[in-house]
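Notes follow once the structure below has been shown.
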Amino acid sequence: MSNDREVYWHLPGFYIHFYLFQVLLHLMKQYPERFEPGYRIGSVYGTFPGAIWNGGRAVFGIASRGDMKSILDTYEKLDVPVRFTWTNPLIEEKHLTDTYCNLIMELADNGKNQVLVNASVLEEYLRRTYPRFPLISSTTKRITDLEGMKAELDKGYFLVVLDYDKNHDEAVLKALEPQAARVEILVDEICFPHCPKRTEHYRDEGRMQLTFDRSGPFPCPNRLGSSVRPAFSECQKRPGFVSREQLPEYIARGYVNFKLVGRGLPQDVVREALLYYLVKDEERAFIAEKMDRELSKLPGQKR
């Protein structure tokens, strides 16, 4: 597709999909002519496992200081910001001194890395303690009205993520055009539209992260059955999905920040989304083959 603007893509799971993103970034550098012109990786978002400030999706485990520094250094050398999903809505004052989360922030404090925020108490702490991190207002806030979105943009966030139910709302898109460059659009959300339990689900994920409680599946009436494997084709069926063919319309209006889902999805689903959005149609088979070949050389990545 023809494009004369810089367009930024924000990719999910900087830790869990670390190898996939290294391969992608190297291929983009090696074969730039095979990718869409003007496309850049604006950030890789997610969390190191076990961080209680993390929200949106509970991620259990732990990473060593050495492993965290190595991963952060790798992205820094590639000039790609790491964006932490500090969006747990249940954070209270007592959680602000958490040693692990503060260590992550200290290691990542390079003036480029970013933070997604939700809870005001944590946001205020981050602004005060780590002022070099650009803050992004998270979709987990569930701001679904136009005036609320305008008010959020007026607060001076680096970016504000649009609620995906508004992706095709012409009145909202038109009204936000003056600040379109600061609006981030989640193009391939797999969850169901207008879900009445979405906020409750975010709170449940936050509870699990805080209490290290790996509970059973959240009782959502729209949840895919356990026998249904997540697929990119499911994302494409959702009304909030923004297709390749529709992207030029958004870009022409000034919307140049796009986000992919996938922190909790299999690598194959994320890989398919990367190939669909970032690679020219006629080059997709070539890049897919190169990607799979490189991934097969890495530990635990044989396809």
P196 vs (1) part of a loop (DSSP other than H, G, I, E, B); (2) over 22 Å from Q114 (Cβ atoms); (3) touching a residue at least 12 places away in the same chain (Cβ under 8 Å): all pass except (3)
Answer with yes or no whether E177 is assigned to a helix (DSSP H, G or I) and of a type outside the set (S, T, Y).
yes
Can you name the condition, by its number, that V115 falls short on among (1) closer than 15 Å to G206 by Cα; (2) crowded, with 19+ Cβ neighbours inside 10 Å; (3) not aromatic (F, W, Y)?
(1)
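How about segment 229-303: which helices (runs of 4 or more DSSP H) wholly inside it have at least 1 residues that are more than 19 Å from the chain's Cα centre (by Cα) and closer than 19 Å to V23 by Cα?
Passing ranges, in order: 284-296.
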Which residues, counting only those in segment 95-118, are in contact (Cβ under 8 Å) with a residue 60 or more places away in the chain and either more than 12 Å from W53 (Cβ to Cβ) or within 19 Å of the chain's Cα centre (by Cα) (or both)?
Q114, L116, N118
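The rows are residues; the columns are (1) at pLDDT 95 or above; (2) loosely packed, with under 14 Cβ neighbours inside 10 Å.
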| site | (1), (2) |
| --- | --- |
| I190 | no, no |
| D204 | no, no |
| R238 | no, no |
| Y255 | yes, no |
| L260 | yes, no |
| Y277 | yes, no |
| R293 | yes, yes |
Flagged in segment 125-143 as over 14 Å from V183 (Cα atoms) and of a type in the set (V, I, T), in numbering order, are T129, T140
Residues that are out of contact with any strand residue (DSSP E or B) (no Cβ under 7 Å at 6 or more places or on another chain), among the aliphatic types (A, V, I, L, M), under 27 Å from L24 (Cα atoms) and surrounded by 17 or more Cβ atoms within 10 Å (Cβ to Cβ), drawn from segment 54-100:
A58, V59, A63, M68, I71
If you go through G156, G216, the only one that is of a type in the set (G, A, S), on the phi > 0 side of the Ramachandran plot and either in contact with a Phe, Trp or Tyr (Cβ under 8 Å, 6 or more places away or on another chain) or exposed (fewer than 14 other Cβ atoms within 10 Å of the Cβ) (or both) is G156
What pairs can you find where one residue is in segment 157-168 and over 17 Å from A181 (Cβ atoms), the other is of a type in the set (S, T, Y) and crowded, with 23+ Cβ neighbours inside 10 Å, and their Cβ atoms are less than 6 Å apart, with a gap of 6+ or different chains?
D163/T139
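The values are calculated or read from the model by the stated rules, or taken from the named source; none is laboratory data. Computed from a predicted structure; not experimentally measured. Cβ sites come from the backbone with ideal geometry, for glycine too, and all protein chains shown count toward neighbours.
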